[in-house]
Amino acid sequence: MQTNLAYGQKKLELVVPEHVNLLRMKETPRVAEPEAALRQALESPIRSKPLRELAKGRHSACIVISDITRPVPNHLLLPPMLEILEKEGIPRENITILIATGMHRPNQGEELAAMVGPSVMENYTIINHFCRKQEDVRCIDHIEGNPIEINKHYLDADLKILTGLIEPHFYAGYSGGRKSILPGISSFETMKFMHSYKVIDHPKVANCVLDGNIFHDYGIQVTEKAGVDFIVNVCINRDREISGIFAGHYNEAHLAGCDFVYRHAVVEIDRPVDMVITSGGGYPLDATFYQISKSLTCAKDILKKGGTIVVACECREGLGSDDFCSIIRSVDDPECFFRDYSDPANFVIDQWCAQNIYQAIDHAGSVLVYSSGLSTQDIEKMGARKIHDLQETVNNLLSGCERVAVAPEGPYVVGMLV
């Protein structure tokens with residue numbers, strides 16, 4: 001059986017036996033006329049007044065959008081919303097598009113134009129959130145003594161709108177909704193708490209889990225405190241086409257989207273497997289190894305202790321940020337990481353994804369990485385091994401594995417043990 005692993009902006013052909021457990025998103029038709037469907041969702045939202053009614057009498061607006069690491073069709077979502085806001089009397093100069101970078105790098109230039117479309121880029125105020133820019137955030141609450149600081153451009157807006165993508169998320173259960181605020185437009189101090197070793201290590205902080213998930217619960221608490229008038233979230237199919245649009249109430253519309261994702265992106269498995277062959281999800285998700293923590297976590301969750309993970313990830317931008325690189329290049333093994341970074345006093349930016357990577361490496365007997373963008377030295381430093389022929393490696397491993405799962409789309413599809 002031939003399958004194709006998402007890798008950068010192309011597919012890697014891989015031949016595997018017919019008996020493998022293929023983890024694929026269920027066939028989900030694309031929305032035939034996305035713009036018409038979006039306008040309908042804005043006019044008939046879930047548990048909310050139409051956007052045009054909410055915009056009446058407002059003097060300013062802030063629309064939060066995802067950054068380049070999320071394949072959200074912002075260029076499709078923004079124009080109809082902007083049209084409605086201006087038609088209902090909000091001056092263009094009073095509309096801000098805020099990019100929820102979290103702690104990622106800013107999106108600018110050609111990259112930004114590709115995200116939002118040249119016309120929107122040239123005619124509207126677009127701001128990247130900088131989590132370390134303390135003058136741009138304001139404290140609105142405390143959780144367990146930790147300050148919850150949110151971007152003031154959002155807080156000061158008269159009309160607050162969130163947009164995003166709903167997909168499985170290894171911390172929040174599902175992305176989208178409240179996650180645009182926390183961590184999307186939160187400060188570094190807030191992130192230190194939300195991405196602390198303790199929070200990430202919580203057993204309910206996991207893919208497709210909302211009940212008892214403290215990451216999700218904190219997100220709802222902060223969203224209610226910060227305020228949100230309307231959300232527009234989308235789901236995508238395996239071809240990155242819009243398969244669902246969920247607009248309206250910040251929680252009810254989001255939950256409807258989460259139910260949709262579970263039905264289409266979760267594959268139930270009766271017992272752990274011996275080997276998982278996965279991808280980084282393709283570009284832009286696999287641009288850095290930082291994001292590959294999601295694929296490794298999904299693999300770990302269905303892998304027996306001591307099993308094998310094979311991951312294909314382009315990583316055209318290398319490991320990731322300087323902070324992430326420093327962690328990976330300074331830690332000798334998982335135990336060393338767990339010992340040093342479980343101490344809150346040692347918290348550094350990007351340690352949470354390193355935490356997930358080392359958890360996967362610690363759980364697996366071996367992690368094999370196929371990547372054109374990563375050096376052998378960096379891969380071996382973290383306790384994994386670089387491979388140069390994906391098909392040959394898989395062929396050699398198959399003879400010793402009874403149960404094998406293959407996830408061509410990486411973390412966009414989640415295997416769940418039941």
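Quick notes on this structure:
- Cα centroid separation, region 207-223 to region 365-383 (Å): 33 Å
- Prolate/oblate/rounded label for region 155-247 (Cα gyration tensor, a/c 1.5): oblate
- Rounded if a/c under 1.5, otherwise prolate or oblate - region 201-245, Cα gyration tensor axes: oblate
- Two-site label geometry, Leu76 and Leu417: point separation in nm, points 7 Å out along Cα→Cβ: 3.7 nm
- Extension gain, Val199-Glu380: 0.36 nm per intervening residue step, less the Cα-Cα distance, totals 62.4 nm.
- Gain on full extension, evaluated as 0.36 nm per residue between Lys26 and Lys87 minus their Cα-Cα distance, stands at 18.0 nm.
- Measuring how big region 124-279 is from its alpha-carbon positions, Rg and Dmax come out at 16.4, 53 Å.
- Taking Leu397, Leu303, Leu38 as the candidate residues, the one with maximal mean-square fluctuation in a Gaussian network model of the chain, Cα springs under 10 Å, is Leu397.
- Selection from Cys139, Asn107, Val199, by position along the positive dipole direction of region 34-250 (Cβ): Val199
- Packing-based order for 103-111, 363-371, using average beta carbon neighbours within 10 Å, highest first: 363-371, 103-111
- Considering all C-alpha pairs of the chain, those separated by over 43 Å amount to 10%.
- Fully extending the segment from Asn123 to Arg263, taken as 0.36 nm per residue of separation minus the present Cα-Cα distance, adds 46.5 nm.
- Paramagnetic label reach from Ala114 (point 7 Å along Cα→Cβ; backbone nitrogen cut-off under 20 Å): within region 361-394, residues 372-374.
- The fewest-to-most ranking of Cys298, Cys336 by surrounding Cβ atoms within 10 Å reads Cys336, Cys298.
- Enclosing the Cα atoms of region 34-250 in their convex hull gives a volume equal to 117 cubic angstrom per residue.
- Per-residue Cβ neighbour rank within 10 angstrom, fewest leading, Phe347, Phe289: Phe347, Phe289
- Using a cut-off of 30 Å between Cα atoms, the listed pairs Lys11/Lys204; Lys152/Lys198; Lys26/Lys294 include Lys11/Lys204 as exceeding that distance.
- With a Förster radius of 41 Å applied to the C-beta separation of Arg339 and Arg316, the computed FRET efficiency comes to 0.80.
Here, each number is a calculation from the coordinates, and none is a lab measurement. No experiment lies behind these values; they were computed from the predicted model shown. Ideal geometry is used to build each Cβ from the backbone, glycine not excepted, and the neighbour counts take in all protein chains shown.
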